[in-house]
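Undergrad: The following block contains the structure, expressed as structure tokens.
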Amino acid sequence: MKDPLKYIRKNILELNPYSTARDEFTGSGIDVWIDANESPYQNGANRYPDPHQKLLKEKVSAIFGLPREYIFIGGAGSDEAIDVIYRVFCTPGVDNVIAISPSYGVYQVAADINDIKIKDVLLNDDFSLPVDRILSEADANTKLMWICSPNNPTGNAFPKEQIISLCNSFDGMVVVDEAYADFSSVESMLNEVGKIPNLIVLRTFSKAWGMAGLRAGMAYASPEVIGYFDRVKYPYNMSSVVQEELMHRLESRPDEKVNEIIAQRRRIEEELKDAPCVINIFPSDANFLLLRVSDADRLYDFLVANGVLVRNRTRMPLCGDTLRITVGTPEENTRTISLIKEFK
Ligand SMILES: *Cc1c(COP(=O)(O)O)cnc(C)c1O
């Protein structure tokens, strides 16, 4: 059995984390709170938030089916988890990580900020996972790998067996970023958390849950690993206002909207596959489609000129002449479809 603690930086293992008076006092009966230099005047935000997000984690636990010790919550979305993961496992200027390419841009930016080298491994031409090439990149300083599934921007999800085999063969942490899992028919890795010791799964409330503006994302891993994430994060990394807002909004699941988005994704695919400028639409397990077109830059400019902004991915590896289109409302999709159909 792998011990995930062996991949953690020495200074982090030895870290004395920040502790509040309210952490140190565990009794009851207090009704005068003059321990934290807050304003005593109630205005809905005068008190520091719960640094452990206890109530929120209970709610998240009930939704995702993992106990709260398996949950880290980032108050700057799962992007915060990405940065915390680098800081917990990777020594700047020394360690490196593996990432698939093309994939989500924040892995690279957060690596650059932390002075960590990324070894990019090109996906196969059909965007499938090159398991052997990934494993052959690992060296003694490779602490972790990023596997985004469903992958942004290609849209495809990788088979669970392949990800499990990466976890078993790789001597380091495997982070599976499941930002788009709610839209996918491929089984999530979430039920493997805690069973596979070197697995971390990322989820977010920004996409299917419709709360990108609140900035809330999760990392799931075994309790030992989560314990170090909690020590490294800023103590008050999620405001009390956002914690309360989330508690309220998490009362209902977004299933209906997710189904509608999947239905619209199928509709766009169907209606655009024979459009003159469309060469190929890649199969998607996400809330977006990657389209290969005859001239991505020109189509991009044409859409912009008509008030529609899409993501031009033409300069990413393996993505020549592609645009990434997020599924919008039915009306927005109608407009985008007719513009793309009329483009010559
Ligand atoms: C959008 C996205 C995220 C970011 O999620 P936040 O929780 O909003 O920070 C993470 N990973 C991937 C692959 C994404 O596309």
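The values are calculated or read from the model by the stated rules, or taken from the named source; none is laboratory data. Quick caveat, the model's predicted, so the values are computed rather than measured. Virtual Cβ from ideal backbone geometry, glycine too; neighbours counted across all protein chains shown.
Undergrad: Just for region 1-49: of the residues that are out of contact with any Ser or Thr (no Cβ under 8 Å at 6 or more places or on another chain), of a type in the set (A, V, I, L, M) and more than 30 Å from Val175 (Cα to Cα), which one is modelled with the lowest pLDDT?
TA: The extreme case among them is Ala21.
Undergrad: Sticking with this structure for a sec: Determine, yes or no, whether Gln53 is over 19 Å from the mean Cα position of the chain (by Cα) and buried (at least 22 other Cβ atoms within 10 Å of the Cβ).
TA: Taking the combined requirement at face value, the residue satisfies it.
Undergrad: Okay, moving on. Restricting to region 68-86, name every residue that is away from the ligand (no atom under 16 Å from the Cβ) and in contact (Cβ under 8 Å) with a residue 60 or more places away in the chain.
TA: Within region 68-86, Glu69, Tyr70 qualify.
Undergrad: Follow-up question, since we're still on this one. Do you know which residues across region 234-255 are under 20 Å from the mean Cα position of the chain (by Cα) and loosely packed, with under 15 Cβ neighbours inside 10 Å?
TA: Residues satisfying the conditions are Tyr234, Arg253, Asp255.
Undergrad: Just name the residue that is surrounded by the most Cβ atoms within 10 Å (Cβ to Cβ) out of those in region 147-174 that are polar (S, T, N, Q) and in a helix (DSSP H, G or I).
TA: Of everything passing the filter in region 147-174, Gln162 is surrounded by the most Cβ atoms within 10 Å (Cβ to Cβ).
Undergrad: Could you list, in sequence order, all residues of region 300-344 that are β-branched (Val, Ile, Thr) and surrounded by 16 or more Cβ atoms within 10 Å (Cβ to Cβ)?
TA: Result: Val308, Val310, Thr314, Thr322, Ile325, Thr326, Val327, Thr336, Ile337, Ile340.
Undergrad: Given the structure, is Asp139 over 18 Å from Leu123 (Cα atoms), away from the ligand (no atom under 16 Å from the Cβ) and touching a strand residue (DSSP E or B) at 6+ places or on another chain (Cβ under 9 Å)?
TA: yes
Undergrad: Given the criterion in contact (Cβ under 8 Å) with a residue 24 or more places away in the chain, among the hydroxyl-bearing types (Ser, Thr, Tyr), within 14 Å of the ligand (Cβ to nearest atom) and not in a strand (DSSP E or B), identify the matching residue among Tyr104, Tyr48.
TA: Only one candidate passes the filter, namely Tyr104.
Undergrad: Hand me the list of helices (runs of 4 or more DSSP H) wholly inside region 239-344 holding 2 or more residues that are of a type in the set (Val, Ile, Thr).
TA: 240-249, 255-272, 330-342
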